[in-house]
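**Q** Structure below; questions to follow.
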Amino acid sequence: MYITKMIREECEGFEPYVAGKPIETIKREMRLERVIKLASNENPLGASKKAIEAIRENLEGIFYYPDTNSYELKKALSERYEIDREEIFTGAGGDEIIELIGKLFFKEGDEIVISRHSFIRYEMAAKLMGAKAVIVDMKEGFKQDLTAMAKACGERTKAVFVTNPNNPTGTYNNKEEVSEFLKSVPLNKFKVKPLVVLDEAYFEYGLLERAYPDGVDFLRDNENLIVFRTFSKIYGLAGLRVAYGFASKEIVEYIERIRPPFNVNRLAQAGGAAAIKDREQVVKSQELVKREKEYLYSKFEELKIKYVKTAANFIFFNAGALKGRELFKGLLKEGVIIRALDEYELKDWARVTVGLHEENEIFIEKLKKVYNK
């Protein structure tokens with residue numbers, strides 16, 4: 001079509017993010033009655049009862065536009081983390097927050113620094129705006145090399161993205177490493193430090209590790225820092241698309257200028273505001289993951305499968321001779337969805353979400369079956 005001549009150059013060969021398929025789709029395509037999804041790191045316990053009740057209470061009002069300022073949600077977040085509401089922003093999931101940062105700061109000729117094998121959406125956001133991603137190799141053990149990432153920053157660097165814990169490897173950087181990194185990031189051509197974007201989507205699971213840092217602790221001394229988290233993981237609201245972030249009042253003000261006016265819907269705001277107050281649900285979810293990842297570790301060891309200990313609610317493991325894609329396909333036929341990692345340059349590896357005990361047992365059973373074929 002002639003109209004394609006007007007498409008932005010950055011969009012011409014742009015590859016879309018490949019999301020995990022929903023259970024209903026797999027049931028239909030594979031003609032299966034039961035499917036277990038362990039691919040997208042959702043919380044198998046679901047959302048808290050408090051969040052569901054808040055959503056029900058707001059159903060009758062869905063003919064109204066949502067509060068464009070997400071007042072009640074920001075109020076709940078402010079009370080939970082003791083941060084001024086003017087230093088809080090919200091988004092339709094972490095994906096939108098990453099894109100908002102890209103739209104606000106990146107343009108052709110700019111660079112961002114990211115770790116190899118970190119969340120793929122950072123590089124996508126840069127490419128979409130015509131910027132370049134400078135990719136830094138990980139340390140041994142699939143851990144982000146923050147020292148090397150700081151050294152990779154140059155005059156054109158607008159931002160450095162750090163995922164903590166990292167998706168898809170599950171590794172994390174401790175408080176001392178993050179602190180030293182923030183101090184060592186050099187000035188760019190604007191004579192300021194580039195943004196450091198700390199993605200803490202798995203924050204609540206990371207807290208199970210003694211040395212895991214809270215990004216909020218670094219905000220006061222680092223005006224270039226943006227910390228963001230999501231309700232999609234431990235809070236079980238992935239289907240509502242709601243996330244939040246912390247930054248200086250100045251950065252938040254600019255994000256507020258460019259975001260869509262009703263980006264977080266009414267039900268998402270209500271569910272998030274209730275979920276952030278439900279500490280019992282968080283503790284139950286943490287205990288489940290702590291217990292079940294030990295179960296999966298033990299089974300991987302029995303099967304002599306190499307894996308990386310995780311600070312998140314998923315486990316990164318070596319697929320062996322089958323490779324990640326073949327293992328994914330084999331398990332799919334057995335009604336178990338995991339994640340192959342070809343797009344992360346990890347063809348030999350796969351990622352599995354820590355599920356309920358019954359789901360984990362089925363996963364191990366089907367894993368053995370696929371390997372024995």
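**Q** Have a look at Leu356, Leu341, Leu346, Leu327 and point out the one that is over 21 Å from the mean Cα position of the chain (by Cα) and more than 30 Å from Glu79 (Cβ to Cβ). If you could, list the steps in order and put the result at the bottom.
**A** On the way: Leu356 fails: over 21 Å from the mean Cα position of the chain (by Cα); Leu341 fails: over 21 Å from the mean Cα position of the chain (by Cα); Leu346 fails: over 21 Å from the mean Cα position of the chain (by Cα).
Within the list Leu356, Leu341, Leu346, Leu327, the selection yields Leu327.
**Q** With respect to the numbered conditions (1) within 22 Å of Asn318 (Cα to Cα); (2) surrounded by 16 or more Cβ atoms within 10 Å (Cβ to Cβ), which one is the sole condition not fulfilled by Gly141?
**A** (2)
**Q** Looking at region 175-194 only, could you name the residues that are of a type in the set (S, T, N, Q) and part of a loop (DSSP other than H, G, I, E, B)? Full working, then the answer.
**A** The first filter runs over region 175-194 and keeps only residues of a type in the set (S, T, N, Q), leaving 179, 184, 188.
If the condition is that a residue be of a type in the set (S, T, N, Q) and part of a loop (DSSP other than H, G, I, E, B), then Asn188 is the only one that fits.
**Q** Regarding region 87-95, can at least one residue be identified that is touching a helix residue (DSSP H, G or I) at 6+ places or on another chain (Cβ under 6 Å), open to solvent by 20 Å² or more (accessible area, probe 1.4 Å), of a type in the set (A, V, I, L, M, F, W, C) and at pLDDT 95 or above?
**A** Checked region 87-95: no residue is touching a helix residue (DSSP H, G or I) at 6+ places or on another chain (Cβ under 6 Å), open to solvent by 20 Å² or more (accessible area, probe 1.4 Å), of a type in the set (A, V, I, L, M, F, W, C) and at pLDDT 95 or above.
**Q** Shifting gears a bit: Taking region 27-55 on its own, how many of its residues are outside any helix (DSSP H, G or I) and either open to solvent by less than 90 Å² (accessible area, probe 1.4 Å) or hydrophobic (A, V, I, L, M, F, W, C) (or both)? Write out each step before concluding.
**A** Within region 27-55, the subset outside any helix (DSSP H, G or I) is 31-48.
Right, trim to either open to solvent by less than 90 Å² (accessible area, probe 1.4 Å) or hydrophobic (A, V, I, L, M, F, W, C) (or both) and you get 32, 35-48.
Selection size over region 27-55: 15.
**Q** Of all residues in region 195-213, count the ones that are surrounded by 15 or more Cβ atoms within 10 Å (Cβ to Cβ), in contact with a Lys or Arg (Cβ under 8 Å, 6 or more places away or on another chain) and in a loop (DSSP other than H, G, I, E, B).
**A** 6
**Q** Tell me, yes or no, whether region 19-26 has at least one residue that is exposed (fewer than 11 other Cβ atoms within 10 Å of the Cβ), closer than 30 Å to Phe316 by Cα and in contact (Cβ under 8 Å) with a residue 12 or more places away in the chain. Give the steps one after another, and end with the answer.
**A** The first filter runs over region 19-26 and keeps only residues exposed (fewer than 11 other Cβ atoms within 10 Å of the Cβ), leaving 19, 24.
Checking the rest, the ones that are also closer than 30 Å to Phe316 by Cα come to 19, 24.
Okay, now just the ones that are also in contact (Cβ under 8 Å) with a residue 12 or more places away in the chain, so 19.
Yes: region 19-26 contains one or more residues that are exposed (fewer than 11 other Cβ atoms within 10 Å of the Cβ), closer than 30 Å to Phe316 by Cα and in contact (Cβ under 8 Å) with a residue 12 or more places away in the chain.
**Q** Hey, could you check region 113-136 for residues that are in a loop (DSSP other than H, G, I, E, B) and touching a helix residue (DSSP H, G or I) at 6+ places or on another chain (Cβ under 7 Å) and say which is nearest to Ser179 (Cα to Cα)?
**A** Taking region 113-136 first, the residues in a loop (DSSP other than H, G, I, E, B) are 116-120, 129-131.
Of the ones still in play, those that are also touching a helix residue (DSSP H, G or I) at 6+ places or on another chain (Cβ under 7 Å) are 117, 120, 129-130.
On the way: His117: 22, Ile120: 24, Met129: 29, Gly130: 30 Å.
In this case the residue turns out to be His117.
**Q** Here's another thing I want to ask about it. Considering Lys284, Lys290, Lys369, which residue is open to solvent by 40 Å² or more (accessible area, probe 1.4 Å), in contact (Cβ under 8 Å) with a residue 12 or more places away in the chain, part of a helix (DSSP H, G or I) and under 19 Å from Thr171 (Cβ atoms)? Step through it out loud before you land on a result.
**A** Working: Lys284 fails: under 19 Å from Thr171 (Cβ atoms); Lys369 fails: under 19 Å from Thr171 (Cβ atoms).
On inspection, the qualifying residue turns out to be Lys290.
The values are calculated or read from the model by the stated rules, or taken from the named source; none is laboratory data. It should be emphasised that the depicted structure is a prediction, and the values quoted were computed from it without experimental measurement. Glycine also receives a Cβ, built like all others from the backbone with ideal geometry; neighbour counts cover every protein chain displayed. Just so you know, the surface numbers come from the protein's heavy atoms only, side chains and all, with ligands and any DNA or RNA stripped out. Shrake-Rupley method; radii C 1.70, N 1.55, O 1.52, S 1.80 Å.
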